[in-house]
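For reference, the structure is listed below as C-alpha cells.
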Amino acid sequence: MKRRKFISALSAATVLPALLDGFSFKAFAASPLLRALASSAVNDHVLVLIQLNGGNDGLNTVIPLDQYSNLSSARNNILIPSAQVLSLNGTALTGLHPSMTGIQQLYNSGKVNIVQGVSYPSPNFSHFRATDIWLTASDSAQVLPSGWAGRYLDYEYPNFPTGYPNATMPDPLALEIGSMISLAFQGPMAGMGMTITDPTNFYNLINGIQDPAPNTNYGKELTYIRQVSQQSQAYSTVITTAANNITQQSPSYPSPGTNSLADQLKIVARLVAGGLQTKIYMVNLGGFDTHSAQVDASGTTSGKHANLLSQLSEAIAAFMDDLTFLNVANRVVGMTFSEFGRRIISNASTGTDHGAGAPMILFGDQVQSGLVGTNPVIPSVATVSDNVAMQYDFRSVYASVLNEWFCVPQPDLNQIMLQNFQLLPLIQSNACVTGIHELNQKAGENLVWNDPNPFTSSTYITFKSKGGHVLLQVFNAEGRLIKTIVDGEYAAGTHKIWYENEGHPAGLYYLRLQNEALQQVKNMIVVR
Amino acid sequence: MNRRDALTLDFPKQQRQDFSNTARTNTGLTPYSGQWTLSEVQHLLRRAMFGSSKTDADYFLAQGMTASISELLTAPGSVPSPPLWTYASNYADPNVAQGQTWVTAPYDGQANGYRNKSYKAWWVGQMLDQSHSILEKMTLFWSNHFSTESYAVNDARYSYSTNALCRQYALGNFKTLTKLITLDSGMLKYLNGYLNTNTAPDENYGRELQELFTVGKDANGVPFYSQSDVIAAAHVLTGYRINSATIASYFDSTRHDTANKTFSSFYGNTVITGQSGANGANELDDLLTMIFSTNEVALFICRKLYRFFVYYEIDAATETNVIQPLATIFRNNNYDILPVLSALLSSEHFFDPLNRGCIIKAPVDILIAMCRDYNVVFPNSSNIIAQYTMWFKMAQYLAIISQNVGDPPNVAGWAAYYQEPGYHELWINSDSLPKRNQFTDAMIYTGITGSGNTIIVDVVAYTAALTTPDDPDLLIQEVIDRHYSEDVSNTVKSYLKNILLSGQASNSYWTNAWNDYLGSPTNMTYYNIVLTRLQAMYKYIMDLSEYQLS
C-alpha cells in the first residue's frame, strides 16, 4: 500500500472533526425543535445575504420621484434624469436606477420587496463600526461578540458544532463565498459558518484549481499539508458532491470573471440545487464607497455606481433565472445590505459621503412583492449633514426574515435579536403579521403630524393608533434618536401629545410613528 | 480502488505536482557567510529553539551569526529546579508536602499518577521558559533518542531522572551519555535491564543499545550487527539492579555472567573478556569502546541530527557533503556533541534556501512555539497550582496532536522522527491537522482555561509591538515574514488586507481604526474594532498550510 493511500484509508476510519470557524465542538443532541423543523418543508428554506461593502447610495438606487425637485437641488451633479429612472409597477412615485433592469423586471413580476429608509438610531459613519453593527445587529453604542445569523443558527442547532456533521444536518450551516470573514456567522459559543482556510480553496473544491507550489522540499511538504487539509475539511466531500450533482445551469449568467457577484451566486445556486442543506450563504460585492466619481462626467447614468448596480442587478437576475431553471426558486430568498447609505447632498467631486438610511432589497419567488415604507423626505434646502431618515430598523428586517422565512416563533425572536423589533411583511408564504395590503391601504392616510410646524419651543403631536403598541420617536437630521415620546399600548383612535423642544438647535427633525407594522415619518422643523 | 480513494482522487489530480525530483543542493559544511537577516535568524531559531519570538529574533539579528550560534550552543548556567507536588487538594502524599519536590521521595502508588502529571507539566514548563540555548531542543532530541515511557516505567522519579540525564548531557559527550543511560534506573526498568541476569539473560536492552541507540539496524537491508551480537551484549550487561529506595542502579556481581563474550565480524570478531567480582562492571566500558570504534555510530547519530534539524531526505550529495564530514568531526572529537552541532548549524548547507521551510513542525514546534512567539502569559511560580495546571493543559494538547511528552509511542520514540519514508509528514493527518488549527483558533479567540486560569494570545499587544501596525500592507508583510518561512502570493496578502479593511478599498480605514485605538486604548469600541479584525487575520495566517512548516 502506498503511503498516501494508507493515510487516506486512515481518514476513512476516523471520525473527522469539523474544520470550521470554531474550535471546540459541542455534542449534538437532537432537539424537539430540530425534529419539528426536519419534518416541515420550512426546513429547506435558504437565505442568501448580499453584502454591498462600502455604503450604497440608496437615493440613486431606489429613486424617490416625488422628491425629485428637492433632490435636484441637493445632488444635481449625480442626479439620474427622471426620464431614465426605471418605473415600477403600481407606483409612479418610486423608480430604480437605469442600470437595474434585471431587478426592475423581477419587481414587476412580483419577486422583489424593497424596504425603504433602513437604518438604526444614532447611525455610525465609520465603515468598520457600522459594518460590525449590521453584522452583529447591535445597538449603535453596543458591542456584541456574536453575529445575528450566528445567533440564529445557534438557536436552531443548539449543540453545533460538536457532533456535526451528522445525518440530520450533514452540511455546513452557513457558507461564505468570496473573501470576507464575516462576524455575522459568529455564534455565542462557536463560529457557525464555514471558513475556507485558503482564499481559492472554495473554488478549488468545486473547480479543481490548485495554487502552484515551488519545486523544492518546501513546496513538496506544503503540497502534502494542503492535500491533507482538503481531505480533512469535514464538509469538503458534501460540498464537492453537491456541486458535482449539477452539471448544467442557466445560460443567463455573465461570462465568468466579469461579474464577481454573479460568479459567487452561481456557486450558491449550484450548491442549493445540488442538495446542500446549508441555511445561509453570504456573498459580497465591494466598491460602494463612492466619495468621488460616483458618476461619469459624460453622464450621471454611467460610471462607478452605475457599474456596481448593473453587476448587482445582472447577478441577481441571472441567479433568479437559474433558481427557476434548477427548480429551487421556492426555497431561496435573497437580501442585500450595506453598512450605511450615503449623504443626501452630493460632493463637488460627483460623489457622496457616508450617510444613514438606505433601502434593502429582498428577492425571491416567496417574497411579498412591493415597497415597504414611503419615499424618504428630502428637505427643500438640504444641508451637508442631512441624512435619509430611518423608517425601519435593519433589525426589524432581520427579525421579519427569521420569523417569516425561517419560521422562528415571535416569542423566540428576542433570544436571537436581543430586543423586540417590529415585524414587517416581507415574505409571502408565512405572513404572520399585517399584510402588505394594509400598509398600502394606509399609505395615503395621515397617521402622525405636529402643529404648529415649524415651531420654536413646543408643538402638539397628533397620531392615530389602530390599537396595540405605539412607538413615537424624534430623530435629528443626522438620524440620532433624541427623544422617545411614546413607547406603550394605545387604544385605537386619535391621540394628542404636547412636545417640548428641550434645547435642541434649529433645523430639520424627523418624527417617526410606529404602530405594529405600520409606520410613518414626518418632518418637524425647529426655528428660532 | 476503494471509495475513499475515489473521493480523494476527486481533488485536482491533473494539477498534482510531481515532487520526485525537487531542486537539490550540493552545499556542504563550509561556514555560511551570506546575509544575516530576519529570514536566517528565524530559520535558525525555529529549529534550534521552540519558535522565534520577536524579542528573540531581534536579539539574535543584532548579534550576528557567529555570536548567535555560539550563544545557542551554550547551556544555561544553572540546572532547573525539579518538579513540584501541587496536588494536595487531590491526594495527600504522605511523603511530600505541597510545593515540595517528589523526585527523591519514596514511591507512593496513589501519588504516582499525579507525579507523572507534575513531571510532564514541568517538562513543558522548561520548554516554554527556555533560555537562548539549544539545550531544550537537544533535551527533546535525546529524550526521544533514548526513549522511555512514563506509563511503562510507572515511577515518575525514574522518568524524571532519565530526563534530567538527557538534559545534563544534551550538549556533552554522546559516549558518556550512552554509558549513563545504560546504567540509568529508568532505562534499566523500561527495557528490563534490571532483570538481565546470568541465569536468565534478557536481550531487550542489548538489542536496542545497538539498533536504536548507536550503530543502527542496517544499511540498504544489510544488517550491521547479528543476533549473536545481541546475545553477547546482553551477557555483558548482566548483573545491574535498582535500589528502589534510592532509585540508584548498582552492579550485583553474583548476577553477572563471567564468561567471555564473542562478537561478530561487524565488530571485528571482538572478544570481551569475562570479569568477575566488581570488575564485571568494567565490561560495559569494553562494550562501548567496541561499539564506538565502528564508523556506523557517528553516521547513525549525524543522520538523525540532520533529520531533526535540516530535512528528512538524505540524498547522495548530502550524504557525501554533509553526513560523512559531520561523522568525521564527531569521531575526531571523541563523540562530543557540540562540534557537530556547531558545524551543522553554521554551514551553508543549513542556511541553503532549499533547506528552509521544509520541516513539518512537530506538535511542540506548533504549540510551545506559538505560546513563545506571542508571549502568552502563563501563571508564575507565585501560584504553582495554577502554573502546573496550565503547563499540564499544554501537555494534554500536545498529546491530543500526537506528541505526548514523557510518553512516546515506544522505545523508538515518535515515528515522525525516524519512520521512513514519511518522517515529519506523519505528524500531519486528517485528524491532527484540524486539531492543530483548533488549538491556534482557540488561543486567538477564547484562550484555554483550566481551573479558573486562562492563557490567551493578545493579538492587539502583539501587533502593537510590530514595526508599522498602522499601515496594513507593511503590517501584513511583517506578520507574514514573522510567521512563515517563505513569502506568500499577492492573493493571500490581498485576502488578509480584505480582513483588515473589512472589504474597503482604502488603507486609511485600517490606519484610522488603529490610530483611534492607540489614541484611546481604553475605548472598548475602538479596541473591539481592531481586535476582531486582527483575530480574524491571525487565525487565517495560522490556519494556512504554510504555518505548519518550519
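Where a number appears in this text, it was derived from the coordinates with a stated rule and is not lab data. This structure is a prediction, so every number in the text was calculated from the model and none was measured. Quick reminder, even Gly has a Cβ in these numbers, built from the backbone with ideal geometry, and neighbours come from all protein chains shown.
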Range of Cα positions in the stretch B:460-548 per principal axis (Å), largest first: 36, 25, 20
Span from the the stretch A:345-403 Cα centroid across to the the stretch B:371-428 one, whole angstrom: 55
Kirkwood Rh, angstrom, the stretch B:405-463 [1 / mean 1/r, Cα pairs]: 14.1
With Cα atoms, 0 to 90° folded angle of helix B:472-483 axis to chain B main axis: 0
Per-q log10 I(q)/I(0), the stretch B:182-236, q = 0.31 Å⁻¹ (Debye; single scatterer per alpha-carbon; no solvent): -1.23
Globularity index of chain B, i.e. its alpha-carbon radius of gyration over 2.2 N^0.38 Å: 1.06
Extent along principal axes [Cα atoms of the stretch B:167-263; Å; largest to smallest]: 46, 37, 20
Shielding by partners - mean other protein chain Cβ count within 10 Å, residues of A:45-53: 1
Contour excess over end-to-end distance, with Cα ends at B:Thr491 and B:Ser451 and 0.36 nm allotted per residue: 10.2 nm
For the protein assembly as shown, convex hull volume per residue from C-alpha positions, Å³: 194
Shielding of B:350-356 by partner chains, average beta-carbon count, 10 Å: 2
Ordering of B:292-301, B:531-540 by packing [mean C-beta count within 10 Å, highest first]: B:531-540, B:292-301
The stretch A:257-300: proportion of alpha-carbon pairs further apart than 17 angstrom, %: 54
DSSP bridge orientation in the protein assembly as shown - percent antiparallel, rounded to nearest 5: 75
Difference of contour (0.36 nm per residue) and Cα-Cα distance, B:Asp218 to B:Glu319: 34.8 nm
Cα-based Rg / Dmax (Å) for the stretch B:15-91: 19.9, 59
Principal axis dimensions, the stretch A:445-528 - Cα atoms, whole angstrom, descending: 36, 22, 21
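Under the definition of partner shielding as Cβ atoms of other protein chains within 10 Å of a residue Cβ, what is the mean value for peptide B:499-509? Provide the component values of the computation, followed by the final result.
Numbers: counts 3, 1, 4, 16, 17, 11, 6, 4, 0, 0, 4.
Taking all residues of B:499-509 together, the mean is 6.
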